Structures are given as structure tokens and as C-alpha cells.
Amino acid sequence: MGIYFLLLIVGLCWGQYNPNTLPKRTSIVHLFEWRWQDIALECERYLAPNGFGGVQISPPNENVIITDPQQPWWERYQPVSYKLCTRSGNETEFRDMVTRCNNVGVHIYVDAVINHMCGANAGAGDHATCGSYFNAKTEDFPAVPYSDWDFNDRKCKSRSGNIENYQDISQVRDCRLVSLLDLALEKDSVRSRIADYLNRLLAIGVAGFRIDAAKHMWPVDVKAILDKLKDLNTQWFPAGTKPFIYQEVIDLGGEPIKGSDYFGNGRVTEFKYGAKLGTVIRKWNGEKMAYLKNWGEGWGFVPSDRALVFVDNHDNQRGHGAGGSSILTFWDARLYKMASGFMLAHPYGFTRVMSSFRWPRYFENGRDINDWVGPPSNEDGSIKPVTINPDTTCGNDWVCEHRWRQIKNMVIFRNVVDGEPFSNWWDNGSNQVAFGRGNKGFIIFNNDDWPLNVSLQTGLPAGTYCDVISGQKEGDFCTAAKVQVAADGMANFLIGNEDEDPFIAIHVDAKL
Ligand code: ZXY
Ligand code: CA
């Protein structure tokens with residue numbers, strides 16, 4: 001009785017904040033714009049064997065097809081209906097993906113675009129991924145169905161009908177975000193249409209939702225929708241499990257709407273995390289890695305158990321958006337791997353790894369004029385498959401950061417050290433830092449312009465460990481540098497400042 005009562009309380013408290021990943025699977029990966037077929041294969045051949053907990057997918061519902069510019073990535077953030085039919089695949093392929101991923105213990109998180117439908121200028125007729133009729137001018141979406149009564153126009157007080165002033169909370173939530181038709185989420189019928197869509201996804205087996213543009217919705221309206229949601233499918237999840245909720249609230253400070261306004265509904269995306277980490281690793285504004293000693297709440301971030309964290313996301317990796325030019329991406333691979341290593345070793349927040357496609361980046365006047373370019377596509381507009389090269393990297397311009405050895409091995413590191421305290425911090429007052437996770441793992445960085453040679457307390461049991469950054473343990477063999485930990489836990493580390501990857505990470509599952 002006592003233990004079940006305790007489990008019940010823990011379950012109730014954790015609720016929508018719990019990522020619903022399997023035990024010892026502590027990260028998810030955003031497979032941005034991937035096809036459902038490719039995600040199903042990736043779950044089976046790569047994500048499950050390497051301990052990834054889940055996948056954030058691109059919006060699965062029907063969207064408008066934009067032709068000027070030609071099919072930008074952001075067209076998927078302009079819904080036309082809640083039919084499961086996009087460039088990533090149809091409903092059959094979606095169901096197959098969810099089933100196959102769940103069957104290998106990798107869960108699916110849906111990007112839910114529920115603040116708005118398509119742009120007011122999207123036109124009319126048959127320009128949607130499922131062929132559904134719609135008319136943006138008259139606000140008619142019969143495939144949902146929504147009509148003009150279901151939109152916020154009467155409530156919006158700005159001159160243009162668009163959000164003009166982010167200091168005005170009502171405008172941000174009741175007016176159109178860059179002309180996107182803003183849904184009247186206080187109406188129970190609108191809430192029910194959205195809840196029906198999300199409940200269909202839950203029945204198929206998804207484990208949670210990223211709530212897009214949450215800043216642009218009243219927290220009570222989001223709550224009313226979430227209150228209508230069913231528990232997860234008991235084919236894969238314990239009875240009574242609530243969907244994991246993480247809300248996209250871009251709060252870098254300076255606006256009246258705060259991430260904390262949404263804590264009652266679930267976690268929030270902590271955009272300060274990647275913006276600050278980029279600034280530190282780039283050594284901008286006099287920042288140093290030594291200052292990371294109190295990383296997390298100490299830097300003004302939301303509480304760890306309310307945070308969804310990431311180095312970059314699909315929007316801010318394009319040089320604009322939240323965080324601006326400090327954001328590190330695959331384009332800055334050496335620094336990006338260090339930032340990802342730091343994030344995955346550090347206990348703060350629930351971590352999401354980005355997996356991108358390459359686009360023809362081209363700067364004019366400091367701005368990337370190709371920031372709109374959509375995923376690798378064929379002439380007919382279909383998305384190219386993710387091909388896998390003999391060396392395990394991806395082809396067809398899929399970057400697959402999650403397959404980079406250093407990042408993949410740090411996803412495993414995080415699983416191994418799960419629950420262990422932040423410990424044995426060391427720094428040189430500059431950009432050489434190290435820390436451990438109890439007696440399970442240890443990581444050390446040299447981001448200074450001179451070599452590092454130091455003996456440190458690792459907290460680890462004595463033995464020979466294989467560095468999981470310069471290589472990895474394969475069977476009884478180590479393809480990398482080895483680290484000797486003495487009986488007292490001390491170890492000596494040598495890291496050149498021009499090494500390909502100037503950091504070393506060891507953990508108890510990579511002990512020889
Ligand atoms: N877009 C280009 C052209 C249209 C789409 C643009 O220049 N937009 C204006 C600046 C970015 O504003 C947007 C924000 O969230 C969105 C947007 C959007 C969410 C959507 C669809 C959108 O345009 O089109 O579902 C946004 C909201 C904020 C904020 C910063 C940005 O502080 O509260 C874009 C598209 C960006 O750049 C985009 C799309 C989807 C996202 C996202 C950004 O999930 O985070
Ligand atoms: Ca709104």
C-alpha cells in the first residue's frame with residue numbers, strides 16, 4: 001500500500017513534466033523535416049541501439065504549399081487541416097513510424113501548431129499538402145472545419161491586425177503572428193477541434209507534444225486544451241501516463257511574457273541556454289568557461305525540472321530568431337561539439353539534440369538570404385531520403401549531428417551518469433574547466449589558446465578508461481586516448497589547444 005501510494009504521488013507530481021522516455025534514456029533528437037519512413041528506420045537501426053529516448057518530428061498535419069519562395073521550411077508552420085498528410089508522409093506511414101519506434105523504445109513527440117492556421121495571404125483553393133480546399137481570405141477551412149467565427153480578428157486591437165508590439169501582452173496573444181490567422185482559443189469548439197487532433201495522435205501512440213508559439217496563446221487556453229487530452233496508449237505506456245508537454249516560449253528577457261507564466265502546463269523551452277552557451281564557448285563579451293561553474297538556475301534560467309534545453313533549434317540555427325549570431329550550429333562544428341558535450345554532461349534540464357539539413361547558406365549584409373530554404377528535395381518537391389554512408393554519416397545533405405561520434409557518445413554519457421550529482425568542478429580561471437557526475441563520469445575542456453596539463457580528482461573508481469570523444473570503446477579495445485584513474489580517483493589530462501576536439505570524456509561504461 002505505502003509504496004504504491006508513493007509511486008502514485010510521484011507519478012502525479014511528475015505528470016506532464018515527465019518526458020516519458022524509457023529509464024536511462026535521457027535525451028531526444030529533433031529529426032527536422034525527416035520523412036516518417038526514414039525516422040522509422042533510424043529508430044530501429046541507430047536511435048534505439050545508442051540510447052536515444054525519443055524523436056521530435058516536424059508538424060504531421062496538412063499545411064499550405066508555398067511557391068514564393070519555393071517550399072520554405074516554415075510552410076509546415078502554416079496549417080490547413082489536421083489530416084496527417086505532409087511532405088514527410090501520409091497517415092499510414094505515420095502510424096507505421098510510431099509503432100516501429102515505440103516497439104524499440106524510442107518515443108515520438110509531435111510539433112503541435114495550434115495557435116494559428118495559414119497566413120492571410122496564402123490564397124485559396126487547392127494549395128495544401130493533402131489537397132484540402134481552404135480559403136484564407138474568408139477564413140474558411142472546411143477540412144477541420146473552422147470558419148471566420150473561429151478566429152480572433154474581433155479581439156485584436158492592433159492597427160494592422162498583426163502583432164506590432166511585443167510589449168503588449170494582449171496583442172501578442174490575440175493578434176496575428178506575421179499575418180498567420182489567429183485561432184480563437186477561448187472558444188470551446190476550437191479547443192475541442194484541437195484536442196480531437198491531439199487525442200488522435202495519442203491514440204496512435206505518441207508520447208507528448210512540443211507546443212509551437214505558446215507565447216502567442218493565453219496560458220489558460222493552453223491549459224483548457226491540455227485538460228481535454230487522454231492518457232498515453234497503454235500498448236506501450238503504463239496506464240494513467242500523461243503526455244509530455246514542452247511549450248515553445250521564446251523568452252530572452254525584455255518582454256512582459258515570461259516562460260514561468262506557462263509552468264502550470266508543462267515544461268518550457270529555455271532559449272537563454274543556447275544563446276548564453278554560444279557566447280561563452282565563442283568567448284564573446286568577456287565570457288569564459290570558468291563562469292559555467294554555476295550554470296543553470298544560477299544564470300537566470302528556469303528551474304531544471306521545467307526546462308527543455310538545446311544548443312540550437314530549427315529556427316535559431318539560421319542566424320536570426322532567438323539568440324541571434326551567438327548560437328552555435330553544425331556550421332561551427334568544432335565549437336558545436338564542445339557546446340553539445342557540455343550540455344549533455346551537465347545535469348541541468350531535459351536535453352534535445354538537433355539534427356539538421358544543409359542549405360546553401362549565403363550572407364548578404366550580415367544576413368543569410370537563404371535562411372528560408374526547405375529540406376533536400378527532388379524536382380517534384382518530394383523530400384529526399386536520408387541515405388547512410390559506409391562510414392555511418394548521412395548523405396543527400398542531411399547533416400545528422402546526432403550521428404557524430406562525439407555527440408552520440410555524449411548522449412550515452414548522459415544516460416550512464418543519470419541521477420548522479422554535479423561534482424569535482426575545476427577551472428583555471430579562464431577557459432579550461434572540468435567536472436564529474438558522482439562516481440560515474442568525468443569531462444574536461446580546453447577552450448584556451450594554450451595546452452592543458454593537469455591532475456584532477458575525477459571521483460571515478462581506479463582503472464583505465466577510454467575517452468569517448470577522440471574515439472570509443474569497441475569490445476575490449478579502445479580506438480581513442482586512454483585515461484588512467486589512480487586508486488585515489490586522481491587522473492592526469494593532457495589536451496592540446498589545437499586538438500581536433502579539445503575535450504575528453506570518460507565514464508564507467510567505457511572502462512577497459
Ligand atoms: N518566418 C519568416 C517569414 C515567415 C516565416 C519571418 O521573417 N518571420 C518573422 C519573424 C519570426 O516570427 C515567427 C515566430 O514564430 C513562428 C513563426 C514566425 C511560429 C510559427 C510560424 C511562424 O514567423 O511563421 O508557427 C516567432 C515568434 C516569437 C518570437 C520569434 C519568432 O519571439 O514569439 C520565420 C519563421 C519562424 O522566420 C519560425 C517558425 C516556426 C517556429 C519558430 C519560428 O516554431 O520558432
Ligand atoms: Ca494567438
Failed condition for P390, given (1) more than 27 Å from the chain's Cα centre (by Cα); (2) at pLDDT below 95, with all others met?
-> (2)
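One line per residue, one yes/no per condition, for (1) assigned to a loop (DSSP other than H, G, I, E, B); (2) of a type in the set (G, A, S); (3) surrounded by 14 or more Cβ atoms within 10 Å (Cβ to Cβ):
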| residue | (1), (2), (3) |
| --- | --- |
| S455 | no, yes, no |
| P461 | yes, no, no |
| S470 | yes, yes, yes |
| A480 | yes, yes, yes |
| V483 | no, no, yes |
| F493 | no, no, yes |
| E498 | yes, no, no |
| D501 | yes, no, yes |
| I504 | no, no, yes |
Meets criteria (away from ligand 1 (no atom under 16 Å from the Cβ) and either modelled with pLDDT of 95 or more or of a type in the set (D, E) (or both)) for V144 = yes
So which of D212, D182, D168 is within 16 Å of ligand 1 (Cβ to nearest atom), modelled with pLDDT of 95 or more, out of contact with any Phe, Trp or Tyr (no Cβ under 9 Å at 6 or more places or on another chain) and charged (D, E, K, R)?
-> D168
Within segment 123-135, identify whether any single residue is surrounded by 24 or more Cβ atoms within 10 Å (Cβ to Cβ), within 18 Å of W34 (Cα to Cα) and of a type in the set (F, W, Y), and answer yes or no.
-> no
Counted residues, segment 279-332 - those being on the phi > 0 side of the Ramachandran plot and in a loop (DSSP other than H, G, I, E, B) | 6
Unmet requirement for V249, which otherwise passes all of (1) assigned to a loop (DSSP other than H, G, I, E, B); (2) away from ligand 2 (no atom under 16 Å from the Cβ); (3) in contact with a strand residue (DSSP E or B) (Cβ under 8 Å, 6 or more places away or on another chain); (4) under 18 Å from D111 (Cα atoms) | (2)
Residue set A307, A339, A345, A322; condition among the hydrophobic types (A, V, I, L, M, F, W, C) and modelled with pLDDT under 95; output residue A322
Would you be able to tell me the number of residues in segment 294-345 that are among the basic types (K, R) and within 16 Å of ligand 1 (Cβ to nearest atom)?
-> 1
Wholly enclosed strands (runs of 3 or more DSSP E) of segment 20-104 bearing at least 3 residues in contact with a Cys (Cβ under 9 Å, 6 or more places away or on another chain) and away from ligand 1 (no atom under 16 Å from the Cβ) | none
Please enumerate the residues belonging to segment 143-174 that are under 25 Å from N63 (Cβ atoms) and aromatic (F, W, Y).
-> Y146, W149, F151
Pick from L452, L494, L460, L512: which is at pLDDT 95 or above and within 32 Å of the chain's Cα centre (by Cα)?
-> L460
Consider N90 carefully, then state whether it is within 13 Å of ligand 2 (Cβ to nearest atom) and not hydroxyl-bearing (S, T, Y).
-> no
Among the listed residues S189, S132, which satisfies the condition of being outside any loop (DSSP other than H, G, I, E, B) and among the polar types (S, T, N, Q)?
-> S189
Residue that is farthest from ligand 2 (Cβ to nearest atom), among those in segment 331-376 that are among the basic types (K, R) and touching a His at 6+ places or on another chain (Cβ under 9 Å) | R367
What pairs can you find where one residue is in segment 232-244 and farther than 25 Å from T269 by Cα, the other is surrounded by fewer than 19 Cβ atoms within 10 Å (Cβ to Cβ) and of a type in the set (A, V, I, L, M), and their Cβ atoms are less than 7 Å apart, with a gap of 6+ or different chains?
-> N233/A203
Take the residues in segment 175-200 that are within 11 Å of ligand 2 (Cβ to nearest atom) and not aliphatic (A, V, I, L, M), then tell me which one is surrounded by the most Cβ atoms within 10 Å (Cβ to Cβ).
-> D182
Matching option when the condition is in contact (Cβ under 8 Å) with a residue 12 or more places away in the chain, away from ligand 2 (no atom under 16 Å from the Cβ) and closer than 21 Å to D212 by Cβ, among A124, A143, A120 = A143
Can you find even one residue in segment 348-365 that is touching a Gly at 6+ places or on another chain (Cβ under 7 Å) and away from ligand 1 (no atom under 15 Å from the Cβ)?
-> yes
For segment 128-139, does any single residue satisfy the condition of being out of contact with any strand residue (DSSP E or B) (no Cβ under 6 Å at 6 or more places or on another chain) and within 16 Å of ligand 1 (Cβ to nearest atom)?
-> no
Considering only residues that are among the aromatic types (F, W, Y) and under 18 Å from W14 (Cβ atoms), look in segment 201-242 and name the one that is surrounded by the most Cβ atoms within 10 Å (Cβ to Cβ).
-> F209
Given the conditions (1) in a helix (DSSP H, G or I); (2) within 16 Å of ligand 2 (Cβ to nearest atom), and given that K276 satisfies all but one, which numbered condition is not satisfied?
-> (2)
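The values are calculated or read from the model by the stated rules, or taken from the named source; none is laboratory data. In this text the structure is predicted, and so the values were computed from the model without any measurement. Heads up, the Cβs are rebuilt from the backbone with ideal geometry, glycines too, and the neighbour counts pull from every protein chain shown.
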